[in-house]
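Report on one structure; see the data block that follows.
The values are calculated or read from the model by the stated rules, or taken from the named source; none is laboratory data. Predicted, not measured: the structure shown is a model, and the values here were computed from it. In this analysis, Cβ positions are derived from the backbone assuming ideal geometry, glycine residues included, and neighbour counts consider all displayed protein chains.
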Amino acid sequence: MNELSLALRDLDEKRVYELVEKELAAGASAIDIINSCNEGMVAAGELFSQGTYFISELIFSAEILKEIMKRIEPLMQTAPAGAGRGKVVIGTVKGDIHDIGKNIVATLLRGSGFEVTDLGVDVPAEKFVEALEQSGAKVLGMSALLNVVNGSGMAQLPLTAAGVASTSGRGSLTTPAMAVAVAPTATGARSTARPRR
Ligand code: B12
């Protein structure tokens with residue numbers, strides 16, 4: 001973990017903002033900042049699961065990260081609006097309200113010229129299907145950070161009927177197997193999963 005990750009883990013708000021400015025001035029990209037923050041958030045999550053942090057501390061870590069995102073979001077716009085790279089439906093699955101990572105992905109996609117339909121959080125399976133049908137999107141992004149929601153409802157998605165070409169599930173717990181379970185017959189069903197930490 002670098003200085004920024006540690007300051008975020010320790011909820012040292014003022015120091016976090018100073019370090020973000022320092023790193024940006026030194027030439028860090030928005031993605032570099034996000035990666036450092038991710039490390040700090042994972043560490044804060046570990047302190048929570050060990051009982052050192054309470055939910056209030058987790059909420060505070062999220063508030064700090066949201067402030068950082070306000071600062072770096074403009075740096076994530078690389079393509080002109082309506083650049084026509086394709087359509088994507090994205091949302092956080094039912095039972096889960098984590099949305100910071102999902103919002104980052106939506107911003108990056110928009111910034112790269114994709115038209116994104118963001119369904120928000122706690123999205124039931126049928127809403128994903130409805131949005132795919134209405135928008136004609138061929139890509140579905142589902143965010144899931146809680147293991148209790150792993151597969152629940154998601155495996156029921158009639159994705160082939162909705163014409164999905166590729167599925168990315170991502171979060172602390174998602175696996176390639178999960179993405180395939182969600183869309184077993186979709187062409188190129190895959191996950192950008194990372195191992196649980
Ligand atoms: C902040 C946080 C919260 C905030 C969320 C605020 C918000 N608006 O999102 C609050 C305080 C509300 C919260 C609540 C809870 N949380 Co919480 N939370 C976290 C924490 C610390 C950080 C998550 C985060 O924002 N990370 C930063 C972002 C940038 O990273 P990210 O989400 O991983 O996203 C990146 C990638 O995953 C990827 N990505 C994300 N989505 C998608 C989608 C697609 C399509 C793609 C391609 C990529 C992608 O791209 C992003 C950028 O790199 C994690 C710790 C962890 N290890 O993840 C725990 C964690 C996820 N929470 C946890 C828990 C237990 C809870 C609660 C149940 C606590 C409680 N007792 O109430 C509740 C759940 C409420 C609910 N029903 O959802 C556990 C889950 C454990 C588990 N195995 O299920 C974790 C792992 C903490 C822990 N170690 O115990 N939480």
In the range 1-36, which residue that is in a loop (DSSP other than H, G, I, E, B) and among the aliphatic types (A, V, I, L, M) is surrounded by the fewest Cβ atoms within 10 Å (Cβ to Cβ)?
-> ALA26
With (1) over 22 Å from the mean Cα position of the chain (by Cα); (2) surrounded by 15 or more Cβ atoms within 10 Å (Cβ to Cβ) as the list, and GLY51 as the residue in question, which single condition is left unmet?
-> (2)
Look at the range 104-116 and say how many of its residues are touching a helix residue (DSSP H, G or I) at 6+ places or on another chain (Cβ under 7 Å) and either near the ligand (Cβ under 9 Å from one of its atoms) or in the same structural domain as LEU65 (by TED's automatic domain parsing) (or both).
-> 2
Total residues in the range 65-106, condition farther than 22 Å from ASN147 by Cα and surrounded by fewer than 19 Cβ atoms within 10 Å (Cβ to Cβ) = 20
Just name the residue that is farthest from LEU58 (Cα to Cα) out of those in the range 115-126 that are modelled with pLDDT under 90 and in contact with a Leu (Cβ under 9 Å, 6 or more places away or on another chain).
-> GLU126
Per the filter on the range 85-113, residues basic (Lys, Arg) and in a loop (DSSP other than H, G, I, E, B) are ARG85, LYS94
Based on what the data block shows, is GLY120 over 21 Å from GLU23 (Cα atoms), part of a loop (DSSP other than H, G, I, E, B) and away from the ligand (no atom under 13 Å from the Cβ)?
-> no
Residue within the range 18-38 that is free of Cβ contacts under 8 Å to residues at least 24 places away in the same chain, within 22 Å of ASP122 (Cβ to Cβ) and within 12 Å of the ligand (Cβ to nearest atom) present = no
